[in-house]
Each structure stands twice: as structure tokens, then as C-alpha cells.
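To start, the structure under review is shown below, and the notes come after it.
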Amino acid sequence: MSETTERTRIRRLPEKASTDRDDLDRVLDAGLVAHVTVMNHDVPLAIPVAYARRGDEVLFHGSTGSRLFRTLSEGAPTCLTVTLLDGLVVARSAFESSMHYRSAMLLGTASRISGDDELDALRTITEHLLPGRWQECRQPNPKERAATMTLSLPIEEWSLKLSDGDPDDEPADVTDETYGRIWAGVVPLREEFGAPRRSADCPDDISVPEYVRAWRR
């Protein structure tokens, strides 16, 4: 378990910070897409990746042909972020209008994994995104494995910010004869799976798997 460092200490709205590792795990386990940064010829780039948490590490993969992934695998420092948006905070003023969010940031150095450990990592990522699919789908063959680079980022240095609650309007706006009559509150946002849609080459007599029907967000 890590401790907050000077690099990860939250200075802006520190009351929204959480140092609880269980809170961090819940955010990482709820997300589906992370952004990973890497410097490329002095230009900072952020790469969206599918990922999964496995214990005390975050796993993600890309192409072995990607110079950005090769840079990460060679020990370049990185920052991985996951943000979940839960609602819009509608305040009486534009300045106080905001969002409900859960935002995690991990700093560190990723390393490449291989062999059986990589296969388990690919299983973990697949099961995080598509629970139940790994046992039914065809698993990666040697050619596909050779084209895939799987990286592990240890959960060591991190920060977490959680935002919720009502709008924090200025007291003067709340009591103002005009502004006090403006509606204020929160509009929740939620992510959900739609009805499964059969691909054009999928025979009609193949039913949607029960584990797919069970997916919820």
C-alpha cells in the first residue's frame, strides 16, 4: 500500500481527496478505459487503453509495433488516469457548476510481462471488460501473442479524488431575489449496456449467452 507523496498530494479542493486504497480499487474496478501518458520526442501524448486491475498492479496492452508502447516498456515514467463521470452539478452560477466524478491517477514505470503471466493478464483484461467471455472465445494464438505487448504498472504512487454533493453556491446567490429563484441541483449520469445486437455473420439459431445478458453497469 502506497502513501501520498509530494507529487500526488491533492492541493486543489483537498477535501475531495481519498487516501483509502479500497476506494481506489473500487474506482479502478469500475472503469473500462484508462489514459496512459508517454513522452514522444518532447511531446506529451495520452493513449486510451483498455485495462484491468490485478491485485496491486494495473494491466494494459497494445501493439508490439507501437513505438509509444516500446517507450513505456523500456522504463519511461508514465501517468495512468481513470475518470468516472457520475453527474452534472447545476449551480446558480456558472462558476460553481461542476460534475460528480471519481478520478484516479497512478504514477510509476510500467514493465513488460510475458509467458504464462501475460496470458493470465490478457485473461484478466478480457474478463474485466467482458465477464465470462474468456472461457467461450478462442484464446490468442502464437501470432496474435507475438503482435501484443502487455504492460504492468504497479499501484505504488497514486492519488484519488471523489466529488459528490449539492451545488456549493455562494450564500448571496441563494438569498438573492433573482438568482435565488434559479433551479439548482444534480443531474445524475449513468452508463449502461444496451440490448445485444447480433453481427451479420452470426447464425440466427445461436442464442445470446446468459453471461452477456447478465452484464450490468
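The values are calculated or read from the model by the stated rules, or taken from the named source; none is laboratory data. Note that this is a predicted model, so its numbers are computed, not measured. A quick note on method: Cβ atoms are made from the backbone with ideal geometry, for glycine too, and the neighbour counts reach across all protein chains shown.
If I filter the stretch 90-140 down to residues being on the phi > 0 side of the Ramachandran plot and surrounded by fewer than 17 Cβ atoms within 10 Å (Cβ to Cβ), which single residue comes out as nearest to the chain's Cα centre (by Cα)?
If we filter the stretch 90-140 for residues that are on the phi > 0 side of the Ramachandran plot, which is where we start, we get 108, 115, 132.
Within this subset, residues satisfying the condition of being surrounded by fewer than 17 Cβ atoms within 10 Å (Cβ to Cβ) are 115, 132.
Working: GLY115: 26, GLY132: 20 Å.
The selected residue is GLY132.
Being of a type in the set (Asp, Glu), more than 23 Å from ARG112 (Cα to Cα) and under 19 Å from the mean Cα position of the chain (by Cα), is that true of even one residue in the stretch 49-58?
No, that holds for no residue.
Do we have any residue at all in the stretch 58-78 that's touching a Lys or Arg at 6+ places or on another chain (Cβ under 7 Å), hydroxyl-bearing (Ser, Thr, Tyr) and part of a helix (DSSP H, G or I)? Taking every residue of the stretch 58-78 in turn, at least one turns out to be touching a Lys or Arg at 6+ places or on another chain (Cβ under 7 Å), hydroxyl-bearing (Ser, Thr, Tyr) and part of a helix (DSSP H, G or I). Every condition in (1) without any contact (Cβ under 8 Å) to a residue 40 or more places away in the chain; (2) within 26 Å of the chain's Cα centre (by Cα) is met by VAL187 except one, and the failing one is (1).
Could you please give the count of residues in the stretch 168-194 that are closer than 19 Å to VAL90 by Cβ and surrounded by fewer than 18 Cβ atoms within 10 Å (Cβ to Cβ)?
Total meeting the criteria: 18.
Determine the pairs where a residue that is modelled with pLDDT under 95, located within the stretch 17-29, has a partner that is loosely packed, with under 14 Cβ neighbours inside 10 Å with Cβ atoms under 6 Å apart, the partner being 6 or more residues away or on another chain. Taking only residues 6 or more apart or on different chains, the pairs are ARG21/MET1. Annotation note: Cβ proximity below 8 Å between a residue of the stretch 48-67 that is free of Cβ contacts under 8 Å to residues at least 40 places away in the same chain and a residue that is surrounded by 16 or more Cβ atoms within 10 Å (Cβ to Cβ) and of a type in the set (A, V, I, L, M) (sequence gap 6+ or interchain) occurs for PRO48/ALA34; VAL49/ALA34; VAL49/VAL36. Only a single item in (1) modelled with pLDDT of 95 or more; (2) more than 24 Å from ARG190 (Cα to Cα); (3) not β-branched (Val, Ile, Thr) is not met by ALA94, and it is number (2).
The set of residues in the stretch 178-194 that are assigned to a loop (DSSP other than H, G, I, E, B) and either within 26 Å of CYS79 (Cβ to Cβ) or of a type in the set (D, E, K, R) (or both) comprises LEU189, ARG190, GLU191, GLU192. The single residue among SER63, SER18, SER73 that is surrounded by fewer than 18 Cβ atoms within 10 Å (Cβ to Cβ), of a type in the set (S, T, N, Q) and over 19 Å from LEU162 (Cβ atoms) turns out to be SER63. What about LEU84, is it outside any helix (DSSP H, G or I), surrounded by 14 or more Cβ atoms within 10 Å (Cβ to Cβ), in contact with a Cys (Cβ under 7 Å, 6 or more places away or on another chain) and not small (Gly, Ala, Ser)? No, not satisfied.
Of the residues SER163, SER207, SER152, the single one that is of a type outside the set (A, V, I, L, M), over 30 Å from ALA91 (Cα atoms) and surrounded by 14 or more Cβ atoms within 10 Å (Cβ to Cβ) is SER152. Residue count for the stretch 21-45 under the criterion of being of a type in the set (A, V, I, L, M) and surrounded by fewer than 16 Cβ atoms within 10 Å (Cβ to Cβ): the result is 6.
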